[in-house]
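The values are calculated or read from the model by the stated rules, or taken from the named source; none is laboratory data. Everything numeric here is computed off the predicted structure, so don't read it as measured data. Quick reminder, even Gly has a Cβ in these numbers, built from the backbone with ideal geometry, and neighbours come from all protein chains shown. Each accessible area value is taken on the protein alone, full model and side chains, heavy atoms only, with ligands, DNA and RNA left out. Shrake-Rupley method; radii C 1.70, N 1.55, O 1.52, S 1.80 Å.
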Amino acid sequence: QVQLTESGGGLVQTGESMRLSCGASGSTFNFKGMGWYRQAPGRQRELVAHIDSSGSESYGDSVKGRFTISRENAKNTVHLQMNLLKPEDTAVYYCKALRGTGNSLDVSWGQGTQVTVSS
């Protein structure tokens with residue numbers, strides 16, 4: 001089982017930047033990837049960004065060109081740099097980790113951190 005610890009988040013104004021971090025501990029062998037999802041009230045949880053073990057990145061359409069995901073393998077840590085923030089980015093952001101177990105994947109989720117962007 002992987003334990004995820006998130007940091008960052010808080011209140012910012014439109015156009016400002018924020019960086020989220022997520023560190024993985026526990027049984028992190030056969031790591032496949034980490035990413036960020038977000039969920040706003042009344043909306044479904046959606047992909048923000050993901051990076052796999054080879055360094056390949058993917059982004060949700062609403063954040064392309066504004067958000068960047070990166071990793072620090074030695075620390076089993078992933079970062080999300082969020083620029084040009086908009087009120088529509090307001091949500092709870094969740095860290096997600098994938099670990100291979102035989103021919104399947106184990107999924108771990110962080111507790112979530114609130115990001116609020118004021119108008």
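Please state which of the following conditions Gly100 fails to meet, knowing it meets all the rest: (1) open to solvent by 30 Å² or more (accessible area, probe 1.4 Å); (2) within 19 Å of Gly26 (Cβ to Cβ); (3) touching a strand residue (DSSP E or B) at 6+ places or on another chain (Cβ under 9 Å); (4) of a type in the set (Gly, Ala, Ser).
That leaves (1) as the condition not met.
Among the numbered criteria (1) aliphatic (A, V, I, L, M); (2) under 21 Å from Thr116 (Cβ atoms); (3) out of contact with any Asp or Glu (no Cβ under 8 Å at 6 or more places or on another chain), which single criterion is violated by Ala97?
(2)
Being open to solvent by 50 Å² or more (accessible area, probe 1.4 Å) and either assigned to a loop (DSSP other than H, G, I, E, B) or of a type in the set (Gly, Ala, Ser) (or both) is the filter here, so list the residues in region 77-96 that pass it.
Those that are open to solvent by 50 Å² or more (accessible area, probe 1.4 Å) and either assigned to a loop (DSSP other than H, G, I, E, B) or of a type in the set (Gly, Ala, Ser) (or both): Asn83, Leu84, Lys86.
So which pairs qualify, if the first residue must be in region 66-79 and touching a residue at least 24 places away in the same chain (Cβ under 8 Å) and under 15 Å from His50 (Cβ atoms), the second must be of a type outside the set (Gly, Ala, Ser) and open to solvent by less than 20 Å² (accessible area, probe 1.4 Å), the Cβ gap must be under 6 Å, and the two must be at least 6 apart or on different chains?
Once the first residue is touching a residue at least 24 places away in the same chain (Cβ under 8 Å) and under 15 Å from His50 (Cβ atoms) and sits in region 66-79, its partners that are of a type outside the set (Gly, Ala, Ser) and open to solvent by less than 20 Å² (accessible area, probe 1.4 Å) give Ile69/Ile51; Ile69/Leu80; Arg71/Ile51; Arg71/Val78; Val78/Cys22; Val78/Met34.
Could you give every pair whose Cβ atoms fall below 6 Å, whose first residue belongs to region 1-21 and is over 18 Å from Gln111 (Cα atoms) and hydrophobic (A, V, I, L, M, F, W, C), and whose second residue is open to solvent by 80 Å² or more (accessible area, probe 1.4 Å) and not in a strand (DSSP E or B), counting only separations of at least 6 or pairs across chains?
Sorted first by the residue in region 1-21, then by its partner, the list stays empty.
Search region 99-114 for residues being among the hydrophobic types (A, V, I, L, M, F, W, C) and over 12 Å from the mean Cα position of the chain (by Cα), and hand back the single one that is nearest to Glu6 (Cα to Cα).
Val107
Quick test for you: out of Gly10, Gly35, pick the one residue that is surrounded by 14 or more Cβ atoms within 10 Å (Cβ to Cβ) and at pLDDT 95 or above. Before you say what the answer is, go through the steps one by one.
On the way: Gly10 fails: surrounded by 14 or more Cβ atoms within 10 Å (Cβ to Cβ).
Among Gly10, Gly35, only Gly35 is surrounded by 14 or more Cβ atoms within 10 Å (Cβ to Cβ) and at pLDDT 95 or above.
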